[in-house]
Structures are given as C-alpha cells and as structure tokens.
Amino acid sequence: MLLAAFRIELDALALADTFARLSDLQIEAQRIAAHSTKWTMPCIWASNVDFDELDTMLADDPSVDEIVETAEFSGEKFYQLEWSDEIEARINAYLDTEASILHAEATADGWRIRIRFGTREQFDAFRAILAKGDYEFTLLELSQPDDPRHMGGKLTPAQREALRKAKELGYYKVPREISTRELADELGTSHQNLSELLRRATDNLIDAAVRTTATTDPVRRTDGKERP
C-alpha cells in the first residue's frame, strides 16, 4: 500500500474557469469516496472570496452541471455540486486505477490531492493517466506506511512540530494569542502550507480517536441497551 500526495493542474480535475476569474479562492473538498463519481467530491467548502460572485462563477463553470445545495457560514460557504459528465468521466478514469482519494483542496495554483494506492502498479497507472492527458503534476509525498490499518492517525514530523508550536504560542486558546500568519512566520513557512499542515494533523488525530472509540465503545442494540 502506498500513500501519495500530488499537486495537479486545475484542468486535470475541475473548476479551472472559476479559479481563472477568482484567483484568491480557496476550496476544500468533503465527502470524498473511492468507488462512485456521484459521491466523489460533490461537497466543497469555499472561502476568501465574495460568495455572490462565486455563485455566478460556479453556475457558469463548464465543470459544474448543477449547484444542488448551499449554506453560508462566517467566512465560509458550503456547496453541494453535481459535476458535468466530462468531469465524472475524468474522475472515473482516475478511480479505475483503484485509487482512493483521501483529501483534496484547491487554490489558483492547482489541486492538492492525497491518494491511497493498493499497489505500486496502481500508483504508476494513475501517473500514466495524468501524463496521457498532458496534465502537469508534481509528486509531493510518497510513503509506504508500516501499519496500513492505522496510517491515517500517524503524524509526520512537520505536522507534529506545527501542532507543538501552535499550542506553545497560544494558537488554540480562546481568544487566540497568535494569528495563523504570525505562527507561519515563527515556523518559517507560508500561511497556506501551515494551514495544510494543521488541517492534516487534525484529520490524523481525529481518525485515530474515532478508530479508538470504535474499538472500545460498547455496541448498542436498537432498544438502546448495550451489547455485552
């Protein structure tokens, strides 16, 4: 089993037209699945733009067939999208390699996606599909976890250091004692890279906690009583 992170150009996935007009847009995909294009990245969280303008851009974007549902929050907006047939076919081609997309986010610089491959052959097949489409891509990370069953909960050294520094400098206190940009400066990295490190680290810790809870919590019957 291989775990890989790629940066791929926007045209290789979706929303290239929207980013061409809204260069400050930031997107994180949610509800990512491995085996159905209908449930692969249909939900996104958008930030850092005027949402009325984004509504118009998404409605005009050829990669989006329909905006199914939206919900606006403080600084973010949730969209459930139905992709165009072309995008669904493209995603389906990627998934035919039996890869599982674990995480995806995008800026004007491209999509950053984290993928789990069952074999090296599947990894090579995915890269071949990108190359065949003449899409530019960069392999950011490639690892073979020692414990595939628990690889989601494992922190990288960079993630661990980002969390340690964030706690030390009061990033998680209410109110915060340091901003994200100030924390990024302390760590000698970019604001965007720090946000990604903290998000991935938090995801990994949550995954580990959920797995632990699932294996230790009692199973309840439909009548509300605990199974022995």
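Does the range 167-178 include one or more residues that are of a type in the set (A, V, I, L, M), in a helix (DSSP H, G or I) and either closer than 21 Å to Tyr94 by Cβ or modelled with pLDDT of 90 or more (or both)?
Looking through the range 167-178, none of the residues is of a type in the set (A, V, I, L, M), in a helix (DSSP H, G or I) and either closer than 21 Å to Tyr94 by Cβ or modelled with pLDDT of 90 or more (or both).
Provide a single number: the residues in the range 17-36 that are closer than 26 Å to Gln122 by Cα and either in contact with a strand residue (DSSP E or B) (Cβ under 7 Å, 6 or more places away or on another chain) or at pLDDT 90 or above (or both).
Result for the range 17-36: 6.
Here are Ala59, Ala89: which of them is farther than 11 Å from Leu13 by Cα and outside any loop (DSSP other than H, G, I, E, B)?
Being farther than 11 Å from Leu13 by Cα and outside any loop (DSSP other than H, G, I, E, B) holds for just one of Ala59, Ala89, which is Ala59.
Would you check which residues across the range 67-86 are part of a strand (DSSP E or B) and free of Cβ contacts under 8 Å to residues at least 12 places away in the same chain and list them?
Glu69, Ala71, Phe73
Please identify the pairs in which a residue from the range 155-178 that is assigned by TED's automatic domain parsing to the domain that holds Ser190 and farther than 12 Å from Leu205 by Cβ has its Cβ atom under 7 Å from the Cβ atom of a residue that is of a type in the set (Ser, Thr, Tyr) and assigned to a loop (DSSP other than H, G, I, E, B), counting only partners at least 6 apart or on another chain.
Within 7 Å, the pairs are Ala166/Tyr172; Ile178/Tyr171.
Results for (1) within 26 Å of Pro42 (Cβ to Cβ); (2) at pLDDT 90 or above; (3) β-branched (Val, Ile, Thr); (4) crowded, with 18+ Cβ neighbours inside 10 Å, shown as yes or no for each residue.
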| residue | (1), (2), (3), (4) |
| --- | --- |
| Phe123 | yes, yes, no, yes |
| Phe126 | yes, yes, no, yes |
| Ile129 | yes, yes, yes, no |
| Phe137 | yes, yes, no, yes |
| Asp146 | no, no, no, no |
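Name the single residue that is nearest to Arg199 (Cα to Cα) among those in the range 61-117 being hydroxyl-bearing (Ser, Thr, Tyr) and either exposed (fewer than 13 other Cβ atoms within 10 Å of the Cβ) or modelled with pLDDT of 90 or more (or both).
Out of the qualifying residues, it is Thr107.
Quickly run through the range 184-198 and pick out the residues that are of a type in the set (S, T, N, Q) and either surrounded by 15 or more Cβ atoms within 10 Å (Cβ to Cβ) or assigned by TED's automatic domain parsing to the domain that holds Ala106 (or both).
From the range 184-198, those of a type in the set (S, T, N, Q) are 189-190, 192-193, 195; that's our starting set.
Matches in the range 184-198: Thr189, Gln192, Ser195.
The values are calculated or read from the model by the stated rules, or taken from the named source; none is laboratory data. Quick caveat, the model's predicted, so the values are computed rather than measured. Heads up, the Cβs are rebuilt from the backbone with ideal geometry, glycines too, and the neighbour counts pull from every protein chain shown.
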